[in-house]
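A short write-up of the structure that comes next.
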Amino acid sequence: MAFLKLIFLIFILHSFMPIPISSTPSLNKEVFAQIRPDFLDFAKKPEIMDWMVGIRRKIHENPELGYEEFETSKLIRAELDLMGIPYKYPVAVTGVVGYIGTGKPPFVALRADMDALAMEVELVEWEHKSKVPGKMHACGHDAHVAMLLGAAKMLQEHRNDLQGTIVLIFQPAEEGGGGAKKMLDAGALDNVDAIFALHVSTKFPIGVLASRPGPILAATSFFEAVINGKGGHAALPQHTVDPILAASNVIVSLQHLVSREADPLDSQVVSIGKFQGGGAFNVIPDSVTIGGTFRTFSKESFVQLKQRIEEVITKQASVQRCNAKVIFHENSSYPVCFNNKELHEHFRKVAGEMLGVQNVVEAMANMGGEDFAFFSEVIPGLFFFLGMKNETQGPLQSGHSPYYTVNEDVFPYGAALHASLATTYLSENPPKHTSPPEGSFHDEL
Ligand SMILES: [Zn+2]
Ligand SMILES: [Zn+2]
């Protein structure tokens with residue numbers, strides 16, 4: 001009997017105890033918890049996969065260089081029209097900016113680049129090889145467009161569930177043309193709170209994603225110098241001022257900038273890729289042109305290195321009695337590509353849930369450049385690599401090779417990740433109080 005009384009007492013006490021509530025997710029969070037895992041299944045459906053592959057192959061056959069992506073842009077707009085997604089065009093000549101959702105904050109952007117590379121010829125023998133001599137999609141930007149359109153299709157199906165707006169950025173001229181900068185200047189990121197971009201990678205296995213917080217790619221720039229001397233007979237050097245010797249000394253001196261002046265723990269590069277001068281064995285030419293690139297991981301080092309490159313070229317040339325003029329190609333200068341810490345955490349969480357935490361790895365920073373840096377310089381951004389290596393299908397050639405190929409099996413991952421990163425961001429980031437008042441943004445919606 002005493003035992004029964006005890007049970008009764010426990011029951012009564014328990015009834016009056018507060019029930020612990022761990023969290024009270026909003027309805028939309030619950031909705032998205034259900035939707036998110038479906039993105040990958042949806043993207044893997046044969047009809048969606050075939051459609052993405054078809055788009056990529058069409059773009060691959062007709063590669064277009066920076067700011068000339070007219071047909072690529074037309075194809076993107078035709079697909080957006082079919083899906084009923086409103087967009088702005090032209091933005092930065094050929095760029096397209098699409099909008100999915102409420103038309104209200106928060107705004108989160110997803111970016112794909114559209115341009116191909118000037119290459120002699122595609123050396124991959126397949127049905128859909130480049131039909132345009134001198135141009136090839138050898139960096140995977142055709143795949144980036146296909147995957148972002150794949151994401152757009154999924155997102156548009158859920159447009160009524162979205163708690164904000166997803167901005168689709170199709171930008172021109174990533175390969176040296178600074179298309180991202182022009183998109184920014186045209187207002188493509190106005191009111192946008194965060195931006196994500198992926199790049200296919202031949203380094204990581206399929207299904208593996210790589211990124212890192214902080215700097216991931218370097219600030220880059222190009223320079224060219226004309227070194228003028230006095231040409232003449234190679235047998236009578238005393239009557240000449242030899243710009244070949246001056247240029248050679250300039251190049252050697254430039255190599256001392258990183259090795260002797262830079263902090264060994266602050267990564268920097270100076271490389272000369274162009275040396276043009278003379279055409280005969282017995283003639284000293286009037287002038288020589290050299291050109292190269294320099295890269296750093298901080299703004300301060302970039303400014304310092306640029307100034308020293310100019311000084312070394314002009315002063316070292318004068319040691320050999322030559323004159324030198326240095327030109328910096330400002331239009332193809334990119335800032336450091338910087339990943340926001342919170343967005344990186346967001347990426348790790350979303351990608352880990354989709355593909356398993358063991359498949360989300362830390363990328364090593366490298367001295368390559370990306371014009372996504374212009375976006376992530378002004379708003380929080382996250383750039384990540386999407387692995388596509390499959391050992392069973394043989395090795396993949398690295399980007400910019402005439403033998404470059406894309407493993408199209410990767411498309412569902414890219415499309416689903418885009419969709420998932422954006423929807424989760426919206427559901428977890430309610431509008432900021434500082435956002436502009438209703439109706440003052442993206443009125444094309
Ligand atoms: Zn590239
Ligand atoms: Zn690229």
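FYI, it's all coordinate maths here, none of it is from the lab. Not measured: the values here are computed from a predicted model. FYI the Cβ positions are ideal-geometry reconstructions off the backbone, even for glycines, and counts take in every protein chain you see.
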Residue 283 long-range amide H proximity, modeled H, under 5 Å: 234
Can you list the residues, at least 5 places off or on another chain, whose amide H is less than 5 Å from the amide H of residue 200, using H built in the peptide plane? 386
Ranked packing of 171-177, 191-197, most packed first, by mean Cβ within 10 Å: 171-177, 191-197
Mean 1/r over all different Cα pairs, inverted: what Kirkwood radius does segment 219-332 give, in Å? 14.6 Å
What number, in percent, do you get for the relative contact order of segment 219-332 if the mean sequence gap of Cα pairs under 8 Å and at least 6 apart is divided by its residue count? 44 percent
Using the charge dipole of the chain (Lys, Arg: +1 at Cβ; Asp, Glu: -1 at Cβ; taken about the Cα centre), state which of 78, 102, 48 has its Cα farthest towards the positive end. 102
Looking at the chain, what % of its DSSP beta bridges pair antiparallel, to the nearest 5? 65 percent
Using only Cα atoms and rounding to the nearest 10 degrees, what angle (0 to 90) does helix 141-157 make with the longest principal axis of the chain? 20 degrees
With a 10 Å radius around each residue's Cβ, average the other Cβ atoms per peptide and rank 201-207, 226-232, 388-394, 363-369, highest first. 226-232, 201-207, 363-369, 388-394
Could you calculate the FRET efficiency of residue 185 with residue 327 from 1/(1 + (r/R0)^6), where r is the beta carbon distance between them and R0 is 25 Å, rounded to 0.05? 0.65
Dipole magnitude of the chain, debye to nearest 20 (Cβ charges: Lys/Arg +1, Asp/Glu -1, about Cα centre): 740 debye
If you stretched the chain out fully between residue 345 and residue 252, how much longer would it get, using 0.36 nm times the residue separation minus the C-alpha to C-alpha distance? 29.1 nm
Please arrange 289, 314, 72 by how many other C-beta atoms lie within 10 Å of their C-beta, fewest to most. 289, 314, 72
Once the Cα atoms of helix 70-83 and of the chain are each reduced to a long axis, what angle between those two axes, in degrees from 0 to 90 to the nearest 10, is obtained? 10 degrees
Between residue 362 and residue 400, with labels modelled 7 Å along Cα→Cβ, what's the label distance in nm to one decimal, could you check? 2.7 nm
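Can you tell me how much longer the chain between residue 74 and residue 298 gets when fully stretched, taken as 0.36 nm per residue apart minus their C-alpha distance, in nm with one decimal?
76.8 nm
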Per-residue ³J(HN,Hα) for segment 204-213, Karplus 6.51 cos²θ - 1.76 cosθ + 1.60, θ = phi - 60°, Hz, x for Gly and Pro: 9, x, 4, x, 9, 10, 9, 7, 7, x
Name the shape class, rounded, prolate or oblate, that the alpha-carbon gyration tensor gives for segment 296-445, where a ≥ b ≥ c are the square roots of its eigenvalues, rounded holds for a/c under 1.5, and otherwise prolate holds if a/b is larger than b/c and oblate otherwise. oblate
Could you compute the FRET efficiency for residue 38 and residue 272, with r as their C-beta to C-beta distance and R0 at 51 Å, rounded to 0.05? 0.45
Any lysines whose Cα falls less than 25 Å from that of residue 181, other than same-chain ones fewer than 8 residues away, would be 74, 88, 104, 135, 299, 306, 341
1/(1 + (r/R0)^6) with r = Cβ-Cβ of residue 203 and residue 234, R0 = 45 Å, i.e. FRET efficiency to nearest 0.05, evaluates to 0.45
Specify which residue in the list 324, 66, 305 is farthest towards the positive end of the charge dipole of the chain, using unit charges on the beta carbon of Lys, Arg (+1) and Asp, Glu (-1), about the Cα centre. 305
Could you list 136, 354, 114 so that the one with the fewest beta carbons within 10 Å of its beta carbon is first and the one with the most is last? 354, 136, 114
Phi-derived 3J(HN,Hα) across segment 347-361 with the Karplus relation (6.51, -1.76, 1.60, θ = phi - 60°), rounded Hz, x for Gly and Pro, is 4, 4, 5, 5, 5, x, 5, 7, 10, x, 4, 5, 9, 10, 10
Step through the residues of segment 405-421 one at a time and calculate ³J(HN,Hα) from phi using the Karplus curve (6.51 cos²θ - 1.76 cosθ + 1.60, θ = phi - 60°), rounding each to whole Hz and writing x for Gly and Pro. 10, 10, 7, 5, 4, 7, 4, x, 5, x, 5, 5, 5, 3, 4, 5, 4
Quick check: from the Cα gyration tensor, does the chain come out rounded (a/c under 1.5), prolate or oblate? prolate
Using the 10 angstrom Cβ neighbour count as an exposure proxy, how do 55, 290, 379, 166 rank, fewest first? 379, 55, 290, 166
When the charge dipole of the chain is computed with +1 on Lys and Arg Cβ and -1 on Asp and Glu Cβ about the Cα centre, the Cα farthest towards its positive end, among 291, 404, 160, belongs to 291
By average Cβ neighbour count within 10 Å, what is the ranking of 96-105, 418-427 from highest down? 418-427, 96-105
Treat every Asp and Glu Cβ in segment 234-337 as -1 and every Lys and Arg Cβ as +1, leave all other atoms uncharged, and give the resulting dipole magnitude about the Cα centre to the nearest 20 debye. 80 debye
